[in-house]
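Let me begin by presenting the structure, written as structure tokens, before commenting on it.
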Amino acid sequence: QVQLVESGGGLVQPGGSLRLSCEASGFTVSSYFMTWYRQAPGKERDLVARITPGGRFTNYADSVKGRFIISKDNAKNMVYLQMNSLKLEDTAVYYCNVVQNGGQSYWGQGTQVTVSS
């Protein structure tokens, strides 16, 4: 059974940092693209960052390039999102996602990130 559990969200001041974690079970993160999305109130869910199965290649939304870093620890079956220089507009619920063979998409429950002074 595929499960994704996000953690690490919280309240942070502008300019601060947070590291989100996604604990995966029921599959191995080394076999799939892993993606972080976010959804702000009243807005659509948008891609934030994606990492290839081997972890060699990443891509980011323009809005977070140079500030966020996606990584994975295949031994721990974990995916991370290091978020630096946080801005008010980064406030959202952040979700971990995997799309497996056949197109089945799995989501975690999300973790709230609030950037506020």
Quiz item: How much area per residue is accessible in the chain when the probe is 1.4 Å and only protein heavy atoms are counted (Å²)?
Solution: 53 Å²
Practice problem: Using amide H atoms built 1.01 Å from N in the peptide plane, name the residues 5+ places from MET34, or on other chains, whose amide H lies under 5 Å from its own. | Solution: ILE51
Quiz item: Once phi is turned into ³J(HN,Hα) by the Karplus curve 6.51 cos²θ - 1.76 cosθ + 1.60 with θ = phi - 60°, what whole-Hz value does each residue of the stretch 104-117 show in order, with x for glycine and proline?
Solution: 5, 9, 10, 10, x, 7, x, 9, 7, 10, 10, 9, 7, 8
Quiz item: Rounded if a/c is under 1.5, else prolate if a/b is larger than b/c, else oblate: which is the chain, with a ≥ b ≥ c the root eigenvalues of its Cα gyration tensor?
Solution: prolate
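Counting other Cβ atoms within 10 Å of each Cβ, which chymotrypsin sites (Phe, Trp or Tyr not before Pro) in the stretch 1-67 have at most 15 and sit in a DSSP loop? Don't skip to the end; give the middle numbers.
Numbers: sites: PHE27, TYR32, PHE33, TRP36, TYR37, PHE57, TYR60; in loops: PHE27, TYR32, PHE33, PHE57.
Here the chymotrypsin sites (Phe, Trp or Tyr not before Pro) that fit, given the DSSP loop and packing criteria, are PHE33, PHE57.
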Quiz item: For the stretch 50-63, in order, what is each residue's ³J(HN,Hα) by Karplus, 6.51 cos²θ - 1.76 cosθ + 1.60 with θ = phi - 60°, in whole Hz (x at glycine and Pro)?
Solution: 9, 10, 6, x, x, x, 7, 10, 9, 9, 9, 5, 4, 5
Quiz item: Longest segment of the chain with no trypsin sites (Lys or Arg not before Pro) in a DSSP loop having at most 16 other Cβ atoms within 10 Å?
Solution: 1-42
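With a 1.4 Å probe and all protein chains left in place, how much of the accessible area of the stretch 10-97 comes from carbon and sulfur atoms, in whole percent? Show your work: numbers first, answer last.
Numbers: 2190 of 4530 Å².
Roughly 49 percent, rounded to a whole number.
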Quiz item: Of SER21, GLY55, TRP36, which is farthest on the positive side of the dipole of the chain, counting Cα position, with +1 on Lys and Arg Cβ, -1 on Asp and Glu Cβ, and the Cα centre as origin?
Solution: GLY55
Quiz item: Say each of ARG45 and ASP62 gets a label point 7 Å from the Cα, pointing the same way as Cα to Cβ; how far apart are those two points in nm?
Solution: 2.4 nm
Quiz item: According to a simple spin-label model (label point 7 Å from Cα along Cα-to-Cβ), what is the distance in nm between VAL99 and ASN74?
Solution: 2.2 nm
Quiz item: Top to bottom by accessible area (1.4 Å), largest first, where do VAL113, VAL99 land?
Solution: VAL99, VAL113
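Once you keep just the Cα pairs under 8 angstrom separated by 6 or more residues, what percentage relative contact order results for the chain?
Numbers: 291 pairs, mean separation 42.2, N = 117.
In percent, rounded to a whole number, it is 36.
The values are calculated or read from the model by the stated rules, or taken from the named source; none is laboratory data. Treat the numbers as computed from the prediction; the structure is a model and nothing was measured. Backbone-built Cβ (ideal geometry, glycine too); neighbour counts: all protein chains shown. The accessibility values were calculated without ligands, DNA or RNA, using every heavy atom of the protein model including side chains. Shrake-Rupley method; radii C 1.70, N 1.55, O 1.52, S 1.80 Å.
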